[in-house]
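Notes follow the structure.
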Amino acid sequence: MIGRDSDGDLEQRVNDLLAGARAAGARRDVREQARYSGEAMDVCRVLVGRHPGNTRHVAALAGGLYNHAYRLIQAGRPAQARDTLTEAVGHYTTLVAADRRRYTVRLCDVRLRVALTYIMEGGYDEAVRAGRAALAGYEAVAGGDRLEREFGLVRTHTLIGRALLLGGQPGTALDEFDTALFAAERLREEAGIAGTDFSWLASAPESFRQAAPEWLGAAVAAMELHDAAGKWSVAAGAANIAMRVAGGLAAIGDDTAYRRFEAIMARAKEIWWAAEHPVQAAARRTGPTEEFMIGGGGLLHGPRLEPNLTVISRLAGWGDPS
């Protein structure tokens, strides 16, 4: 039937199927969402097969495959998502050859999502390698939308940090999270966004909203890792960022975003207290019979703890660690 339909009929079919995917997503039915999305991609492939040189159809398929891959990840099918992304890479490579300025960042985005598929499978070393390849791609971008490129770097450092953390390298992971936070906060300040009320994200440029989940993940991870290291003043700074971004997401999100905001607020309050009362916080952590070091009139750092990966992953919105 599809082969006999007009292009207009096929495009309408794609729109209908994607509407079905959005409705399934609103119901949190990830399997149905992936099914509708996959059927839409099949129709898009027919259109590209009919018009292989048509940039509009190729771009629609490439972008659709990128989105479909995420739905497959949500449905617990990371290997199939990676195959889908490989197909998207081929289409975006063709598009980059025709218009480098417009599509190079999109190609980097696809490669970054490949790294996410490895994380979901527990392949943390592969995720780090794929993430660093995506990072090199973003760094090489010249021209185009600067915010898209810069926030691409933020998202990449966060994802690399996530893979390193889950792979047992918290120190190196923290370097990545801190790099991501420094870059994101610099972009916020350059844009003149104070972020003093939680409506800030709703009125920010789209690139800020797209990067916000990873931005929040980096802030939560940095907050928890600095806290585990007993560096409460630094952890408090990360907690400030986490609260700002979590609040922004809660203001435009659903009940899940609001519950995460409340959970992060509870942890942030604990860390702010420790930053204001470091000696008491150190005493609580060590117990009454243990010792801790102070110097220069104050606490150098509190006793260290092993990072709780489950707490970090849940607060960051990553789900339970693999």
* Asked: Here are some residues: Tyr70, Tyr66, Tyr92. Which one is surrounded by 13 or more Cβ atoms within 10 Å (Cβ to Cβ) and over 24 Å from Asp254 (Cα atoms)?
  -> Tyr92
* **Members of the stretch 159-209 that are among the acidic types (Asp, Glu) and more than 21 Å from Ser322 (Cβ to Cβ)** => Asp175, Asp178, Glu185, Glu189, Glu190, Asp197, Glu206
* Mind checking whether some residue in the stretch 13-20 is assigned to a helix (DSSP H, G or I) and either outside the structural domain of Asp109 (by TED's automatic domain parsing) or closer than 23 Å to Ala97 by Cβ (or both)? -> no
* Structure fact -> Only one of (1) more than 18 Å from Leu61 (Cβ to Cβ); (2) surrounded by fewer than 17 Cβ atoms within 10 Å (Cβ to Cβ); (3) at pLDDT 95 or above; (4) not acidic (Asp, Glu) does not apply to Gln12, and that is (1)
* Answer yes or no as to whether Arg45 is farther than 29 Å from Ser6 by Cβ, out of contact with any Asp or Glu (no Cβ under 6 Å at 6 or more places or on another chain) and surrounded by fewer than 22 Cβ atoms within 10 Å (Cβ to Cβ). => no
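The values are calculated or read from the model by the stated rules, or taken from the named source; none is laboratory data. These figures come from a predicted structure and were not determined experimentally. All Cβ positions, glycine included, derive from the backbone under ideal geometry; neighbour counts span all protein chains shown.
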